[in-house]
1. Any chance you could check the Cα centroid distance between the range 35-69 and the range 164-232 for me, in angstrom?
2. Give, rounded to the nearest 20 debye, the magnitude of the charge dipole that the chain has about its Cα centre when Lys and Arg contribute +1 at Cβ and Asp and Glu contribute -1 at Cβ.
3. If you stretched the chain out fully between His111 and Lys78, how much longer would it get, using 0.36 nm times the residue separation minus the C-alpha to C-alpha distance?
4. Longest segment of the chain with no trypsin sites (Lys or Arg not before Pro) in a DSSP loop having at most 13 other Cβ atoms within 10 Å?
5. Give me the aspartates and glutamates in straight-line cross-link reach of Lys134: C-alpha distance below 15 Å, same-chain residues under 8 apart excluded.
6. As a check on your grasp of the helix formula, calculate [θ] at 222 nm for the chain: sum -39500 (n - 2.57) over DSSP H runs of n ≥ 4, divide by the residue count, round to the nearest 500.
7. Using the Karplus equation 6.51 cos²θ - 1.76 cosθ + 1.60 (θ = phi - 60°), what ³J(HN,Hα) coupling, rounded to whole Hz, does each residue of the range 30-46 give in order, writing x for Gly and Pro?
8. Arrange the following residues from fewest to most other Cβ atoms within 10 Å of their Cβ: Met248, Met132, Met105.
Amino acid sequence: MSNHTLQEKVALVTGGSRGIGRAIALSLAEAGAKVIINYQGNEQAALETLNQIKEIGGVGEIYKADVSSAEEVNSMIKNIIDKYQSLDILVNNAGITRDTLIMRMKDEEWHQVIDTNLTGVFNCVRAVTRPMMKQRFGKIVNISSVVGINGNAGQINYSAAKAGVIGITKSAAKELASRGIMVNAVAPGYISTDMTENLGEKVTENIVSHIPLGRVGTPQDVAKMVLFLAGPNADYITGQVISVDGGMAM
Ligand SMILES: NC(=O)c1ccc[n+]([C@@H]2O[C@H](COP(=O)([O-])OP(=O)(O)OC[C@H]3O[C@@H](n4cnc5c(N)ncnc54)[C@H](OP(=O)(O)O)[C@@H]3O)[C@@H](O)[C@H]2O)c1
């Protein structure tokens, strides 16, 4: 491992089993943090992330919890604090899509996305606030989306949740700044993961034609920004939304 800027730090990455969350978990571990890989159901994938962390000499564990459940989140945070005595970095990355046009959207598709992508972030932020205030240090990075800034046809639930994450980020940043807790958001554009793999070639081509940098993003593109915001080089940055989208939103 080359760079140990996060040595002794304890980090929780929600949805760390796959995609962007896995890349984030790996990069935090590579920087020396102990990483708790939260996941909802895919234990195999979570274990694969943990294996990759161990292969680079890092330390971590997997932790199953549904972020939309306040009860499960509270007990996850309590167990982490009991075990490690601190929680320095929280990355709210877990997210789902249930895309469809407004008039076809079922109540359940609306609620599932809001519960996971918005309430899930609130649940985690609320649960870490007390321990982070006590230690007078914390870095929270929320994964929003370009769609939370620009909106998107077929994603009214998802874009509402992701815009809400920006509201959470700014309110929490203002409320917690005096306690040494920094809260920022990353707004990825189109990133190649399980979430985007079924969009089809035509849709993908059309999206790429609107990306000034001319390519889709990788999970590592996002992880680099999260690592920066979680680390000491971002100590004077809070309440910001940083786009990692090849120039899509400007
Ligand atoms: N891909 C993109 O283009 C893109 C663009 C902008 C923003 N984002 C955002 O980036 C984040 C990661 O996206 P991704 O593309 O990496 O997605 P992904 O590959 O589909 O992975 C989703 C992750 O979230 C976890 N998860 C889902 N529901 C959960 C719940 N209720 N509790 C705990 N964990 C849960 C999954 O766990 P399991 O493995 O256990 O299912 C998995 O680890 C999401 O917030 C997404 O909205 C993605």
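Taken together, the values in this text are just the output of simple stated rules run on the coordinates, not laboratory data. This one's a predicted model, so the numbers in the text were calculated from it and none came from an experiment. Please note: Cβ atoms are built from the backbone with ideal geometry, for glycine as well, and neighbour counts cover all protein chains shown.
1. Using only Cα atoms, the two centres lie 20 Å from each other.
2. Working: 23 positive and 24 negative charges, 155 e Å.
For the chain, the charge dipole is close to 740 debye.
3. Working: separation 33, 0.36 × 33 = 11.88 nm, distance 2.67 nm.
Going from the current span to full extension adds 9.2 nm.
4. Numbers: sites that count: Lys106, Arg136, Arg215.
The segment 1-105 is the longest one with no such site.
5. Asp82, Asp88, Glu175
6. Details: 9 runs with 110 residues, N = 250.
Helices in the chain give a 222 nm mean residue ellipticity of -13500 deg cm²/dmol.
7. 5, 7, x, 6, 7, 10, 8, 9, 7, 8, 9, x, 8, 4, 4, 5, 4
8. On the way: Met248 21, Met132 24, Met105 17.
Lowest to highest Cβ neighbour count: Met105, Met248, Met132.
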